[in-house]
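Computed from the coordinates by the stated procedures, all read-outs in this text should not be read as laboratory data. Note that the coordinates shown come from a computational prediction; the quantities given were computed from them, not determined experimentally. A quick note on method: Cβ atoms are made from the backbone with ideal geometry, for glycine too, and the neighbour counts reach across all protein chains shown.
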Amino acid sequence: MHKLIIERPSYLKKLKDCTGTDIIRVITGVRRCGKSSLLMMYKNWLEEKYGKESILYIRFDGPEFLLNKTLNAMAENLRNGINADTKFLLLDEVQLIDGWEEAVNAYYSTGLYEIVITGSNAKMLSSELATLLTGRYTEIEMLPLSFGEYARFKASEESEREKLFEDYLLYGGFPIIALLDDTEQKTNMLQSILDSILFNDVRPKISTEAGNEPLTRLIAFLNDAVGYPVSLNNLEHRIKSAGYKMYHELLSKYMNAFSSSFLYYNAEFHTVKGGNRFGQTDKYYPVDTGLIALTKGNLSENYGSLLETAVFLEFKRRGFKISVGKNDTDSSEIDFIAVKGAEKIYVQVSATLMDENTRKREFHALGEIKDNFPKFVLSMDKHDFSMEGIRNMYIPDFLSSECI
């Protein structure tokens, strides 16, 4: 029997580290990635440390808000729930309430409460809250399970790491998927998660004239193009060529809705030397590898896309800003330039380096970079092909490690 909650220690530590400060904690991330479970883990920890009476927890997607998602309903629940001992306000899926920023700001301004909120909308922090509380909040952006988290949870039942990794690539890291064993149930649940994101988080942000079929087709095109440069113009052309109505403004709305719902992330092309924007194309990666397999359905044919997505998401989990690089000397492509503060890492991703030409291509692109920042070629090879200061690393080891 599985545990009902999968531990997320790195995210929980971030919440604990802020306890005792006046910083609002804003937990964001795609629907079903574990935000509510994380909030409950934090609630349990607070109860042990400060007592149950110190906490008010409100879930805004609960039945009491089913027919009344107004600021008045939110204010009434807060007013009725707070007592003399209340120190912590834990507000789950708060973005469902129109005008929630006013209530959060009002209670924050009293100086009496520590506030933690969750939401599935990336635009939350471009709202009034960001203006009112500049410098007074911190965002904790959650993603589905990393391979390290997934492997630790499943290790007691399935000891073969390579099989675990294949399952992780194919079905992804949404926590509810890790709780399931049957492959058909996993596929059905992935489809349910995607449908929920599209219905609740994407469709409300676009015009009502948009049909389901172009939206589904766009997702299939994006998943098919993982690892390749994409522009709005070529997406529009592909959809129209397939016989579906699409115009540029609507496509732009779709892409913005995908971004604000955390469904897709983009990596811009930058020159290696100057870090300048290169061209008008980006690479797009879904928030979970399972969404690629859901629309394409084959591990072997999509292996490179799945590996590249898993690496991209892992760098994002670790707080890096990720771009795609173009060498100034010969325009050779660097899969990822990952930057965090003064730290920079150059990365190539390849299924295998056994072919000599592939090996030369991947190492050459990194060898053209003349600075001293770390350079890695990540692959599925057990043999270590490291050379000339460029390190080759087995992808599951990278995904499971604390650092690279």
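Regarding the stretch 147-400, what's the average projected area of the Cα-atom convex hull, expressed in nm²?
14.5 nm²
Past the 23 angstrom mark, what percentage of all C-alpha to C-alpha distances in the stretch 21-127 do you count? Walk me through the numbers on the way to the answer.
Working: 1197 of 5671 pairs.
Everything past 23 Å amounts to 21 percent.
Any idea what the relative contact order of the chain is, in percent, if you count C-alpha pairs under 8 Å spaced at least 6 apart?
Over the chain, the number comes to 14 percent.
Tell me, Kirkwood radius of the stretch 226-377 from alpha-carbon pair distances, in Å?
Averaging 1/r across every pair of different Cα atoms and inverting gives 16.7 Å.
Distance cut-off 19 Å, Cα to Cα: go down the list Lys253/Lys296; Lys16/Lys69; Lys43/Lys186; Lys52/Lys87 and report the pairs above it. Mind showing how you got there, number by number?
Numbers: Lys253/Lys296 24 Å; Lys16/Lys69 30 Å; Lys43/Lys186 29 Å; Lys52/Lys87 10 Å.
Where the Cα-Cα span goes over 19 Å, the pairs concerned are Lys253/Lys296; Lys16/Lys69; Lys43/Lys186.
In vacuum, with every alpha carbon of the stretch 137-281 counted as one equal point scatterer, what does the Debye formula give for log10 I(q)/I(0) at q = 0.13 Å⁻¹? Two decimals, please.
After summing over all Cα pairs, the log10 values are -0.77.
On a straight-distance basis, which aspartates and glutamates could pair with Lys283 in a cross-link, Cα separation under 13 angstrom, same-chain partners fewer than 8 positions away excluded?
Output for Lys283: Asp224, Glu268, Glu308, Glu333, Asp335.
Between beta-carbons, use under 10 Å as the cut-off and find the net charge around Thr70, counting Lys and Arg +1, Asp and Glu -1. Write out the running numbers ahead of the final one.
Values: positive: Lys69; negative: Glu76, Asp98.
Net charge around Thr70: -1.
Could you work out the relative contact order of the stretch 9-142, using alpha carbon pairs under 8 angstrom and six or more residues apart, expressed as a whole percent?
Values: 193 pairs, mean separation 53.6, N = 134.
Relative contact order for the stretch 9-142 comes out at 40 percent.
Kirkwood Rh, the stretch 197-263, all Cα pairs: how many Å?
Mean inverse Cα-Cα distance, inverted, gives 12.1 Å.
When the Cα atoms of the stretch 111-194 are enclosed in a convex hull and the volume is divided per residue, what value in Å³ results?
Convex hull of Cα atoms, per residue: 139 Å³.
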